[in-house]
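Notes to accompany the following structure.
The values are calculated or read from the model by the stated rules, or taken from the named source; none is laboratory data. Remember, it's a predicted structure, so these values are computed and weren't measured experimentally. So basically every Cβ, Gly included, is an ideal-geometry build from the backbone, and we count neighbours across all protein chains shown.
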Amino acid sequence: MRRPGRAAADRRGVVDVICKLNSLGIHGVAGYPVSVECFLSGGMPAFDVVGLPDTAVKEARERVRAAVKSSQFTFPVSRITVNLAPADVRKAGTVYDLPILVGLLAANEELPPPPADAAFIGELSLTGGLRRIPGVLPMALAAKRAGFRRLYVPAGNAAEAALAEDLEIFALDHVSQLLPALRGELDPPPIPVPAPPAADDLPDLSDVRGQENAKRALEIAAAGGHNLLLVGPPGAGKSMLARRMPSILPAMSRREALEVTEIHSVLGLTGEDQPLLTERPFRSPHHTISDAGLAGGGTWPKPGEISLSHNGVLFLDELPEFSRDALEALRQPMEDGTVTISRALGSVSFPARFMLLCAMNPCKCGWYGHPSGRCTCTENSVEKYLARVSGPLLDRIDLHVTVPAVRYEELHDRAPTETSAQVRARVEAARGRQLARSGVCNAQLGPAQLRTVCALDGAGETLLQGAFERLGLTARSHDRILRVARTIADLEGAERIEAVHLAEAVQFRSRRLGS
């Protein structure tokens, strides 16, 4: 009797059978190939899963057993061993339900041998149905890199898997579809690509009255990908301004959209009706968040708010109220564009290229420097409050902007102001110049590119030297001023940085917050 895989008779005449097939796993936010080996042998009936499985993977035994019987297949009565290789990498989740079932049924001659160029992923219900799983996009991209041609997935994940392109996607609703699919009687169904969702009615910049200096800083930050800090009393419009940042940001490229979708997919934040995220993320965690919630972590590390903000904006309102550990966790990702979480079993790196947008009051009561004079804080308490934000973190923020209280006349001014669409057009034009020139936005310019792209004339050198000495700037502040000046020049379509661009960049670096 022919059986798939390698067979050998033991002393009692029972045939040992091995069936090998392909699956995929997730490490951090990246997919990787997993080999699933199903071994049927003589002995007392048992069902073991090895290869560093977590509890959810071990529980696949009961889901597979019930799904096989519910689907009118015959469950093998033998000693079953399933190995998930590489065996030294932890396997997590319910993604291995489908490949384990296919391997067992193929070894038991209930199904044809699975193709060598195919991979299987999916969670089973007890009735044999297939449920959506998280992380399908990074796994589909890993399947493509590994040279697989076909991918069998739950129907609810088909649209997301199809984003990998150049893969035949078999969308399965039930285990009963496996037999015709593996026999070649079922062609891959066309995967309908959902239309991108209509852009939400984002808050418009024209809603903000007054605050022209802050609006200008918002535009510069959006154009160059710069970090921005807004400092002002309650009700001045800091949060209102920040929440209008998404409306002026340039659209994401397909590469950026895939990167963002991979991270959200791993955490199960994508939907069947929206497999590809097309809007830049805007994350606004509460100030009670832990450093692990912000940077990522856990026993088995998962991305945090920093990584969920990748290619988008991380907004921290009431900045000094965040814990010191959480704020200090921002420093390395802001420089490197990645965050690395180390644990006893290894380390995981998550992408974290984001714009940091912060808002804070100038003192504990919030009214320091207000014309009404209602602030009762002492100078010592003001300094203590501002010291909650460390100097190294502030040094990594490109633009420091004071947002004064809005005057009555500004609130009641009915003159039309610029809309987000008008500002966004300038931002996209400036970002286009940057990408054409250096391939990255100005905030990401490296030291070598900085010397070439941000060369100054004699007047500019004199101006920057004076600011460097007068304000006591660090080398990092020096470079960030140059990057901001380059962005201001790009907004005006200038080929070189001029003294006026540099002067505007310098005035956005304040020596004392709230001053």
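Computed values, structure above
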| item | result |
| --- | --- |
| Residues satisfying the stated conditions in the stretch 92-103, i.e. in contact with a helix residue (DSSP H, G or I) (Cβ under 6 Å, 6 or more places away or on another chain) and surrounded by 24 or more Cβ atoms within 10 Å (Cβ to Cβ) | Y96, D97, I100, L101 |
| Residues satisfying the stated conditions in the stretch 356-408, i.e. of a type in the set (F, W, Y) and surrounded by fewer than 17 Cβ atoms within 10 Å (Cβ to Cβ) | Y408 |
| Selection within the stretch 271-304 - in a loop (DSSP other than H, G, I, E, B), in contact (Cβ under 8 Å) with a residue 60 or more places away in the chain and farther than 25 Å from I248 by Cβ | E272, D273, P275, W300, P301 |
| In the stretch 358-371, the residues that are of a type in the set (G, A, S) and outside any loop (DSSP other than H, G, I, E, B) | A359 |
| Of the criteria (1) in a helix (DSSP H, G or I); (2) in the same structural domain as A217 (by TED's automatic domain parsing), which one C377 fails | (1) |
| Residue list for the stretch 163-182, restricted to those being within 21 Å of E109 (Cα to Cα) and among the aliphatic types (A, V, I, L, M) | L172, V175, L178, L179, A181, L182 |
| Inter-residue pairs, beta-carbon under 8 Å, first closer than 24 Å to K215 by Cβ and in the stretch 384-399, second aromatic (F, W, Y), 6+ apart | D398/F508; L399/F508 |
| Hits in the stretch 93-128 (condition: on the phi > 0 side of the Ramachandran plot, under 27 Å from the mean Cα position of the chain (by Cα) and at pLDDT 95 or above) | G122 |
| A405 being farther than 13 Å from R486 by Cα and in contact with a His (Cβ under 9 Å, 6 or more places away or on another chain) | yes |
| Only one of L456, L411 that is under 23 Å from E219 (Cβ atoms) and surrounded by 13 or more Cβ atoms within 10 Å (Cβ to Cβ) | L456 |
| Residues (surrounded by 22 or more Cβ atoms within 10 Å (Cβ to Cβ) and either within 19 Å of T417 (Cα to Cα) or over 21 Å from the mean Cα position of the chain (by Cα) (or both)) located in the stretch 220-243 | I220, A222, L229, L230, V231, G232, P233, A236, G237, K238, L241, A242 |
| Criterion (of a type outside the set (V, I, T), in contact with a helix residue (DSSP H, G or I) (Cβ under 9 Å, 6 or more places away or on another chain) and at pLDDT 90 or above) met by exactly one of A494, A425 | A494 |
| Given (1) farther than 29 Å from V95 by Cβ; (2) under 16 Å from the mean Cα position of the chain (by Cα), number of the condition T288 does not satisfy | (2) |
| Odd one out for G312, checked against (1) under 11 Å from the mean Cα position of the chain (by Cα); (2) farther than 14 Å from H226 by Cα | (2) |
| Filter result for A106 (under 20 Å from R255 (Cα atoms) and either buried (at least 22 other Cβ atoms within 10 Å of the Cβ) or among the basic types (K, R) (or both)) | no |
| Any pair with Cβ under 9 angstrom, 6 or more apart, that starts in the stretch 417-446 at a residue that is within 24 Å of R476 (Cβ to Cβ) and ends at one that is in a loop (DSSP other than H, G, I, E, B) and among the acidic types (D, E) | A430/E492; A443/D398 |
| Residue that is nearest to G129 (Cα to Cα), among those in the stretch 71-92 that are among the hydroxyl-bearing types (S, T, Y) and modelled with pLDDT under 95 | S71 |
| Qualifying positions in the stretch 199-219 - acidic (D, E) and under 21 Å from the mean Cα position of the chain (by Cα) | D200 |
| Residues within the stretch 275-292 that are buried (at least 18 other Cβ atoms within 10 Å of the Cβ) and not charged (D, E, K, R), tallied | 6 |
| Criterion violated by A329 - all others in (1) touching a residue at least 40 places away in the same chain (Cβ under 8 Å); (2) within 30 Å of L258 (Cα to Cα); (3) surrounded by 21 or more Cβ atoms within 10 Å (Cβ to Cβ); (4) out of contact with any Ser or Thr (no Cβ under 9 Å at 6 or more places or on another chain) satisfied | (1) |
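Each row is one residue, and each column tells you yes or no for (1) assigned to a loop (DSSP other than H, G, I, E, B); (2) farther than 24 Å from V401 by Cβ; (3) under 15 Å from the mean Cα position of the chain (by Cα).
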| residue | (1), (2), (3) |
| --- | --- |
| L316 | no, no, no |
| A326 | no, no, no |
| M334 | no, no, yes |
| F350 | no, yes, yes |
| R353 | yes, no, yes |
| L356 | no, no, yes |
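Residue-by-condition table, conditions (1) touching a strand residue (DSSP E or B) at 6+ places or on another chain (Cβ under 7 Å); (2) surrounded by fewer than 19 Cβ atoms within 10 Å (Cβ to Cβ); (3) not in a loop (DSSP other than H, G, I, E, B):
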| site | (1), (2), (3) |
| --- | --- |
| L24 | yes, no, yes |
| C38 | yes, no, yes |
| A56 | no, yes, yes |
| K69 | no, yes, yes |
| F73 | no, no, no |
| P76 | yes, no, no |
| L84 | yes, no, yes |
